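*Asks:* Encoded as structure tokens, here's the structure I'll be asking about.
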């Protein structure tokens, strides 16, 4: 963990929200806590009151690293440093390095709670991002790792697809709710189907809409 040093610029993300905020590591007690400074907006501070979980991301020599941590105490005034638990593990956190295609396919999720309407918004060889309807009563609709089945069709109901997935994460962007679903690793047929579709799009002389 020698590359996590005082003065390192960090990206801070509150649990379940996509917006990230710049932060700087200003102190640490190895094995105990980190001290960072971040000028957080009221929305982020309100979220931390409900859920103290924080994700930290930072770059080192061209690689993106990250870890999960918890806020030890809420700041009592703007501009105060944040005290976080010391990370147990730092990982290469980019879990979707594959090429992704933007799309908008009406879909439905089959979960233990019943069926949930959604919209498929991007696809890669191993994962799908879907937009979910708003639900102001719940911070989270699903549990991380929860198994589910994604059903959607392209243009015609006759062109239908179904994938067994596990929830990687659920988050908010600008008040909208999204989820990233990972295909089961042993579902080689579905992986090959999506990979071929993405590669065919990128092989086209017309560049696709992508990330």
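The values are calculated or read from the model by the stated rules, or taken from the named source; none is laboratory data. Keep in mind it's a predicted model, so treat the numbers as computed, not measured. When we count neighbours, we look across all protein chains shown, and the Cβ atoms used for this are built from the backbone with ideal geometry, even at glycine.
*Asks:* Given the criteria surrounded by fewer than 18 Cβ atoms within 10 Å (Cβ to Cβ), closer than 18 Å to residue 201 by Cα and in contact with a strand residue (DSSP E or B) (Cβ under 6 Å, 6 or more places away or on another chain), does residue 102 qualify?
*Replies:* It is true that residue 102 is surrounded by fewer than 18 Cβ atoms within 10 Å (Cβ to Cβ), closer than 18 Å to residue 201 by Cα and in contact with a strand residue (DSSP E or B) (Cβ under 6 Å, 6 or more places away or on another chain).
*Asks:* So for the range 3-22 (the condition being at pLDDT below 85, farther than 24 Å from residue 167 by Cβ, in a loop (DSSP other than H, G, I, E, B) and outside the structural domain of residue 168 (by the TED database)), does at least one residue qualify?
*Replies:* yes
*Asks:* While we're here: Criterion first (surrounded by fewer than 18 Cβ atoms within 10 Å (Cβ to Cβ), out of contact with any helix residue (DSSP H, G or I) (no Cβ under 7 Å at 6 or more places or on another chain) and not in a loop (DSSP other than H, G, I, E, B)) does residue 115 satisfy it?
*Replies:* It is true that residue 115 is surrounded by fewer than 18 Cβ atoms within 10 Å (Cβ to Cβ), out of contact with any helix residue (DSSP H, G or I) (no Cβ under 7 Å at 6 or more places or on another chain) and not in a loop (DSSP other than H, G, I, E, B).
*Asks:* Oh, and also: Restricting attention to the range 56-77, which residues are part of a loop (DSSP other than H, G, I, E, B) and modelled with pLDDT under 85?
*Replies:* Matches in the range 56-77: 61, 62, 74, 75, 76, 77.
*Asks:* Something else: Kindly provide the set of residues from the range 44-55 that are surrounded by 13 or more Cβ atoms within 10 Å (Cβ to Cβ) and outside any strand (DSSP E or B), ordered by number.
*Replies:* Hits for the range 44-55 are 44, 45, 47, 48, 51, 52.
*Asks:* Another question about this same structure. Could you run through the range 81-102 and say how many residues are out of contact with any helix residue (DSSP H, G or I) (no Cβ under 9 Å at 6 or more places or on another chain) and at pLDDT below 85?
*Replies:* Counting residues in the range 81-102 that are out of contact with any helix residue (DSSP H, G or I) (no Cβ under 9 Å at 6 or more places or on another chain) and at pLDDT below 85 gives 7.
*Asks:* On to the next question. When you go through 134, 208 one by one, which is the residue that is farther than 23 Å from residue 115 by Cβ, touching a residue at least 12 places away in the same chain (Cβ under 8 Å), outside any strand (DSSP E or B) and not assigned by the TED database to the domain that holds residue 48?
*Replies:* None of the other options fit; the residue is 208.
*Asks:* Moving on to the next point. Kindly indicate whether residue 163 is out of contact with any helix residue (DSSP H, G or I) (no Cβ under 6 Å at 6 or more places or on another chain) and within 25 Å of residue 202 (Cβ to Cβ).
*Replies:* Answer is no for this residue.
*Asks:* Another one. Collect the residues in the range 20-37 that are over 13 Å from residue 8 (Cβ atoms) and either surrounded by 14 or more Cβ atoms within 10 Å (Cβ to Cβ) or touching a strand residue (DSSP E or B) at 6+ places or on another chain (Cβ under 8 Å) (or both), keeping them in residue-number order.
*Replies:* 20, 21, 33
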